[in-house]
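Notes follow once the structure below has been shown.
The values are calculated or read from the model by the stated rules, or taken from the named source; none is laboratory data. Predicted, not measured: the structure shown is a model, and the values here were computed from it. Here the Cβ positions follow ideal geometry from the backbone for every residue, glycine too, while neighbour counts run over all protein chains shown.
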Amino acid sequence: MTRMARTSRDTAILGAGPAGLAAALALSSRGGARIITPSLPAATDVPRVDMVPAAFLAFLLELGIHPGQIGVHDLHDVRRIAWSDSVPETVRASAVAHVERPALELALLAALERMSGFKIVPSPTTHTADPGERVIDATGRRAVSATRITGLAKPWIARVFSRYGAFDKADQAFRLAALPAGYAYRLASPRLLAIGVVVSKAAGGMTPKDIEKYIQAAGAGWVLKGLGSLDSIQAGKGGVASVQWSAGPAEPLRVGDASLARDSLSAQGLCSGVADVVSLVRNSGHPDRLPNRERDQLKRHLAFLANAMEHSRFRAEKPWAEYRRFLERASGLLRSLGGTGAGPPALAISAPAARSAGGT
């Protein structure tokens, strides 16, 4: 059995994000669990919207989360993309759902509070365990149990802006545009609209007005059309958005972003992190296969990013070139380690990129 399938000892879960809360829910019938976290999700947390595959909703239903609790009332299969060219094109791909945050965390927490056999420990997250206790590190990009984190020397930073209102299905559609030092995207639920601007660290200090001018100058003003000025919209804290991964001892078990934090471009991080941790908790298998599984996921993601960046109209710009060189070095190292080398996960970036990546 896997380390997570055993039920003879309690589990300490570090972190109370989606991956940590989902792990606790999956463990609710398999013994005790302690969630060690300095803070719990709150309705006052900065709102945003994430895109997940439609199949993820069925997975959440198994955890007791109804789509309506997280702002999902419809599915979307249309994107507007300006990646290889400045002119946006309409791309049809597999259906996705637009999930509200922190509504997702609050729904997971509410489902967990209906269970027994767990407790919240308000404490800074560490990887110190009680005797005989196993530990799951779900601390996100901090990866507190890792001994090494690999990523860009100058990581790309995400700036998120959000606004509540009433948005029809056309307003909710996902929009994505390449920028000289990153990319901008927009999507919405029926009541919450979010704009994400991912830029290289060198451009990360821009004010909302600077960002708006930057987007307009890149010919991507259509992403912001109808929203008014960015400085009139609620702004969230910036955070690292480029790919990173961790290494360290086999225990604690790092899951979600603590193991592999995908670039925001793939729209895979939330779904993959939650699904992976629940699978590890619920299913039996072979522990010695876990490193290979993680390595193959990383190889797939790096291949996806390399493909997307090759098709960006700004691929010759310095920030893109630096990111591409990093991907090449990392991919070369992984090839030398072996593995299955499965194809990249699919997300429609542009029509050519979508075809070469296998669709969405």
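Annotations
- For residue 246: the one exception among (1) surrounded by fewer than 19 Cβ atoms within 10 Å (Cβ to Cβ); (2) touching a Lys or Arg at 6+ places or on another chain (Cβ under 8 Å); (3) among the hydroxyl-bearing types (Ser, Thr, Tyr): (1)
- Applying the set (1) of a type in the set (Gly, Ala, Ser); (2) in a helix (DSSP H, G or I); (3) farther than 27 Å from residue 239 by Cβ to residue 19 leaves exactly one unmet item: (3).
- Entry remark, region 230-272: residues being basic (Lys, Arg) and part of a strand (DSSP E or B) number 1 in total.
- Of the residues making up region 74-105, those that are in a loop (DSSP other than H, G, I, E, B) and under 14 Å from residue 52 (Cα atoms) are 74, 75.
- Qualifying residue in region 195-210 (condition: at pLDDT below 95 and hydroxyl-bearing (Ser, Thr, Tyr)): yes
- Index of the failed condition, residue 9 passing every other in (1) within 20 Å of the chain's Cα centre (by Cα); (2) basic (Lys, Arg); (3) at pLDDT below 90: (1)
- Only a single item in (1) among the aliphatic types (A, V, I, L, M); (2) under 28 Å from residue 278 (Cα atoms); (3) crowded, with 22+ Cβ neighbours inside 10 Å is not met by residue 197, and it is number (2).
- Residue 292 vs. criteria over 17 Å from the mean Cα position of the chain (by Cα) and modelled with pLDDT under 80: yes
- Residue match in region 150-171 (condition: more than 27 Å from residue 72 (Cα to Cα), in contact (Cβ under 8 Å) with a residue 60 or more places away in the chain, surrounded by fewer than 15 Cβ atoms within 10 Å (Cβ to Cβ) and not hydrophobic (A, V, I, L, M, F, W, C)): yes
- Beta carbons closer than 7 Å, at least 6 apart along the sequence or on distinct chains, pair a first residue in region 283-306 that is more than 16 Å from residue 334 (Cβ to Cβ) with a second that is charged (D, E, K, R) and at pLDDT below 90 for 287/3.
Yes or no, residue by residue, for (1) more than 30 Å from residue 202 (Cβ to Cβ); (2) in contact with a His (Cβ under 9 Å, 6 or more places away or on another chain):
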| position | (1), (2) |
| --- | --- |
| 51 | no, yes |
| 74 | yes, yes |
| 79 | no, no |
| 84 | no, yes |
| 89 | no, no |
| 114 | yes, no |
| 119 | yes, no |
| 142 | no, no |
| 150 | no, no |
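- Given (1) under 21 Å from the mean Cα position of the chain (by Cα); (2) under 22 Å from residue 323 (Cβ atoms); (3) at pLDDT 90 or above, number of the condition residue 269 does not satisfy: (3)
- When region 132-171 is limited to residues that are acidic (Asp, Glu) and part of a loop (DSSP other than H, G, I, E, B), the one that is nearest to residue 270 (Cα to Cα) turns out to be 168.
- Filter result for the condition that a residue is touching a helix residue (DSSP H, G or I) at 6+ places or on another chain (Cβ under 7 Å) and not assigned by TED's automatic domain parsing to the domain that holds residue 326, over 162, 84: 84
- Here residue 137 passes the criteria (1) more than 30 Å from residue 312 (Cβ to Cβ); (2) surrounded by fewer than 22 Cβ atoms within 10 Å (Cβ to Cβ) except the one numbered (2).
- Here is the figure for region 153-180: residues that are of a type in the set (Gly, Ala, Ser), out of contact with any Lys or Arg (no Cβ under 8 Å at 6 or more places or on another chain) and closer than 22 Å to residue 262 by Cβ total 3.
- Taking the conditions (1) over 23 Å from residue 77 (Cα atoms); (2) touching a residue at least 12 places away in the same chain (Cβ under 8 Å); (3) of a type outside the set (Phe, Trp, Tyr) in turn, residue 213 satisfies each one other than (2).
- From the options 27, 108, 21, 63, residue that is over 18 Å from the mean Cα position of the chain (by Cα) and either in the same structural domain as residue 316 (by TED's automatic domain parsing) or surrounded by 21 or more Cβ atoms within 10 Å (Cβ to Cβ) (or both): 27
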